[in-house]
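One structure is given here, and the rest of the page talks about it.
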Amino acid sequence: MSALTGRYEILLSGSGGQGIILSGIVLAEAGIAEGRKVVQTASYGPESRGGASRSQVILSREEIDYPGVISPNFVFVLTQLAADKYAHTVSPQGFVLADSSWVEAVPQNLPAPIIALRLSEEAASRFGMALFANVIGLGFFIERSGVLRAESVTEALARRVPKHYREANLEAFTFGRELAKQQSGQ
Amino acid sequence: MAQTLLLQGNEACAEGALYAGCRFYGGYPITPSSEIAEYLARKLPLAGGTFVQMEDEIASIASIIGASMAGVKAMTATSGPGFSLMQENLDLAAVTETPVVIVDAMRGGPSTGMPTATGQGDYMQARWGSHSDHPVVVLAPAGAQEMFDLTVKAFNIAEALRLPVVLLPEAVVSHIREAVRIPDPGEMEVIDRYQPDDYEGNGFFRRDERGLAYPPVLGSGFHPHYTGLAHAEDGFPSNDPGVVRKFVEGLNQKVAKNLDLVTDFEEEAVEDAEVILASFGVTGRACQHVARLLRKQGHRVGYFRPRIVWPFPEARVRELAHTADTFVVAELNLGQMRLEVERIACGEARVVGLHKVDGSMLEIHEILVKVNEVLP
Amino acid sequence: MPEVFVKEFARTQHLPTIWCPGCGLGTSMRILMKALADLEVDRNRLVVVSGIGCSSRMVGYLDCNTVHTTHGRALALATGIKLSRPELTVVAAMGDGDAASIGGNHLIHAARRNVDITTLVLNNSNYGMTSGQTSPMTPHESVTTTAPFGNLEHKFHLCDMVKGAGATYIARASTYHYMLAIRLVKKALKHRGFSFVELLTQCPVYFGRFNRMSNPSDMLRWLRDNAVKYVPGKEKELRDEQYYIGELFRDETKVEYGELLRQLRERVRSWEAKRS
């Protein structure tokens, strides 16, 4: 994070349908609720499901000129392709989270720490759907980085997900936070 | 109550259209513009408006011209391939003095190109895509808030000058999500259709001292004749050289005579700048970032971004060409706006292009490398 | 043109028309004027839209709201007018090249949407304005400037096509069948929905001259002799040059698009009222 502007960059990448874009939107809305300037951008291929997708969020205390990610403070990768492409772009002050259910070869020798967790398998066994992996990751990220308040994120999450999945999403988020607490305890 | 929402660029554009009083949308789906249609398909019925999905882009622009002639503010949205199809009727709107707003969300590359990638390749098409001399005004928003603000402005210019106005976002601007403040009704100026009470001698297309004509709305009690043929002040076709010259010149002088309404640019630290980074759209924001960065390092670098790209802000760029040594024109095409800057700088300042056409945004380091090359 | 209705409906200062002597478009315009006059259509609320071609110049002579658009696009533009101002009477007048060739896609979809537009296709079997080229309505083996050895293609059955596309009123007549044509255009104007009238008309200077009918009366005889009165349930095999005249199809059950749109707005309003 730039001390001068408080510019904080987040890069989420996976495959279409993993909820990457939604996670970006939730973080951006939480940012607005906390009075930050926010930008969320996405890049994607022609597929709605599968294919490579990327969602970027910038949070800042000042007006955001360049809306692209320059050196991300947090990189979340949910596929091997994403890991190979983006893990090394992480800022030395940041960290990388990898879903090792999909990322089999965890990138090494990065400028910042990388944490590999079997998120999709955890999500499938605890919440019935691998899709919750990205929300668990969101909880982990918020707990570890402290860049936004957990309440702002859960409020945005509750607004953005379908009503009948709200509870499960909130539980997945809390579970992600727990994982981060366990990590730091280790 | 004014509200601030996280909106996608396309959604902000649709909200801007509703704010400006747009009540007719005729369009054809195409990436990356489709969210504008989807948003208005949901919102227009409640506003008492009409959403219709037409059979192609030719029909789309024809339908909005029809709606506007009937007095209803109308728009369509498309991307490069569809915009090419719209060129035929774009100058029908121009010669019939019909206000319409057309959004061309620019994808990458020619032909089908890169539908989900970004680009700025339609800069010249927006101005010169239709055949022969015709007036058109083009606005290039750089983010979600400008998608709202400049859409309102596009409708205002279209109504004030009675011509087609093009909003030209890059794909990135169509899909970017940012906080957008939607003002209260009445907070922003909205220009509505003006119609004189009477037309002396049926001079439906007679110009006033500002060069503007205000033909009547269909079904308003007059019997106007609208045609794409060269026409006299009464709207009827003519081959008389004097009439035809007046027709073509009058049409094209509208913009030049009202530059105050169609000049809009953003600039920073240009007064003492040796190098000015010039760009448009979101690509301009990358240039702004670099200019600020280099200023902090003590370099005399400035930044210039027209929001209205056609007419190009010629007078201001000519002034800057006197004071600056070099323009670096950064754009996601092979040098379309650069041609304008070169024409205007005309030897007064060096013009260097920075061009990228791979479907992605310009990155900060790419701009830094280019500026470092030209810094004294 | 002595009758009062013509004087009332014509922009007399722009007469005479640009049409050639013997052309059927004058008669066609008169058929439209008479139908509008008989129905006492308010000219302040009447919009006639056309495309490009000889017949499309008609709108310049009609004293009402008129729009002369680009080639083939009349119906697309008329759709915008009618949907945004449903209280207006909207007529689209097009030639055969305009409607069946360059505007074919718009014709199909206007019929499918069933917007309340009265469409008049003035079929003179060729592109007259550009001096006699082949159109989609040029009969097989007829000679034109672009088919100097006879037309290899076959003509379009336009009435059948718009029926398949969803038009809800379809009729055909010719300039020879003047009284019938007026009756059919009146019915089309009164019909709520997409109504379609094909009016065969003579082009003696181009189509006729190349096909041994340079005298307008030869062409009118051709139109008379090939016409077959349509009787529902008694359809028969027609020779290629023959054509049915009369009311060919009518469907009063399909709800007009503008009405559906009005109902949609009401529905959305009541949902919104319940929500808040």
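Here, each number is a calculation from the coordinates, and none is a lab measurement. Computed from a predicted structure; not experimentally measured. All Cβ positions, glycine included, derive from the backbone under ideal geometry; neighbour counts span all protein chains shown.
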Using unit Cβ charges (K, R positive; D, E negative) and no other charged atoms, how large, in debye to the nearest 20, is the dipole of segment A:67-186 about its Cα centre? 280 debye
Convert each backbone phi in segment B:61-66 into a coupling constant with the Karplus relation 6.51 cos²θ - 1.76 cosθ + 1.60 (shift: θ = phi - 60°), then list the ³J(HN,Hα) values in order as whole Hz, x for Gly and Pro. 5, 4, 5, 6, 5, x
Taking R0 as 22 Å, what's the FRET efficiency between B:Val369 and B:Arg295 from their Cβ-Cβ distance, rounded to 0.05? 0.80
Selection from B:Met86, B:Met75, B:Met147 lying farthest towards where the dipole of segment B:32-148 points positive, charges on Cβ: B:Met147
Taking max minus min of the Cα coordinates of chain B on each principal axis, largest first, gives extents in Å of 66, 48, 41
At 10 °C and a viscosity of 1.306 mPa s, what translational diffusion coefficient does Stokes-Einstein give for chain A, taking Rh as the Kirkwood radius over Cα pairs? Give it in µm²/s as a whole number. 98 µm²/s
Taking neighbour counts of Cβ atoms within 10 Å as a proxy for exposure, in what order, fewest first, do A:Ile25, A:Ile115 appear? A:Ile115, A:Ile25
Per-residue ellipticity at 222 nm for chain B, helices alone: DSSP H runs ≥ 4 residues times -39500 (n - 2.57), over residue total, nearest 500 deg cm²/dmol? -11500 deg cm²/dmol
Which whole number gives the average count of other chain Cβ atoms within 10 Å of the Cβ atoms across peptide B:214-224? 5
How big is D for the protein assembly as shown, in µm² s⁻¹ as a whole number, if Stokes-Einstein is applied with the Kirkwood radius of its Cα pairs at 10 °C and 1.306 mPa s? 54 µm²/s
Once the mean 1/r over all distinct Cα pairs of segment C:5-79 is inverted, what Kirkwood radius in angstroms do you read off? 12.8 Å
Could you pull out which residues in segment B:168-208 have an amide N less than 19 Å from a spot 7 Å beyond the Cα of B:Lys257, following the Cα-Cβ vector? B:194-208
Please identify, among C:Ala227, C:Ala173, C:Ala74, the residue showing maximal mean-square fluctuation in a Gaussian network model of chain C using a 10 angstrom Cα cutoff. C:Ala227
If you split all Cα-Cα distances of segment B:3-182 into 5 Å bins from zero, what percentages do you get per bin, shortest first? 2, 10, 20, 24, 23, 14, 6, 1, 0
Could you calculate the contour length gain from A:Ser71 to A:Glu121, that is, 0.36 nm times the residue separation minus the distance between their Cα atoms, to one decimal place in nm? 15.0 nm
Which residue, B:Ser132, B:Ser68, B:Ser238, tops the fluctuation ranking in a GNM of chain B built on C-alpha contacts under 10 Å? B:Ser132
Which whole-percent values make up P(r) of segment B:266-374 when all C-alpha to C-alpha distances are grouped in 5 Å steps starting at zero? 2, 14, 27, 28, 19, 8, 2
Point-to-point label distance, B:Ala47-C:Glu241, nm (Cα→Cβ direction, 7 Å offset): 5.8 nm
Please compute P(r) over all alpha-carbon pairs of segment C:106-180, binned at 10 Å starting from zero, and give each bin as a whole-number percent. 18, 38, 35, 9, 0
Extended-chain gain in nm, criterion 0.36 nm per residue less alpha-carbon gap, C:Glu87 and C:Asp218: 42.9 nm
Using the basic label-point model (7 angstrom from Cα toward the beta carbon), what is the A:Arg61 to C:Glu153 distance in nanometres? 7.1 nm
May I ask which of B:Lys257/C:Lys82; B:Lys73/C:Lys34; B:Lys73/B:Lys254; A:Lys37/C:Lys274; B:Lys153/C:Lys274; C:Lys34/C:Lys82 have a Cα-Cα span longer than 30 Å here? B:Lys257/C:Lys82; B:Lys73/C:Lys34; A:Lys37/C:Lys274; B:Lys153/C:Lys274
Tell me, what HN-Hα J-couplings in whole Hz come from the Karplus equation 6.51 cos²θ - 1.76 cosθ + 1.60 at θ = phi - 60° for each residue of segment C:230-238, using x for Gly and Pro? 7, 10, x, x, 10, 5, 9, 5, 9
Taking other Cβ within 10 Å of each residue's Cβ, how do B:Cys346, C:Cys54 sort, fewest first? B:Cys346, C:Cys54
What are the extents of the Cα atoms of segment C:68-227 along their three principal axes, in Å, largest first? 46, 30, 28
For B:Ile367, A:Ile64, what ranking results if the residue with the fewest other Cβ atoms within 10 Å of its Cβ goes first? A:Ile64, B:Ile367
Potential lengthening between B:Glu249 and B:Thr4 on full extension [0.36 nm per residue; Cα-Cα distance subtracted]: 83.8 nm
Over the Cα atoms of segment C:4-275, compute the convex hull volume and normalise it per residue, giving Å³. 130 Å³
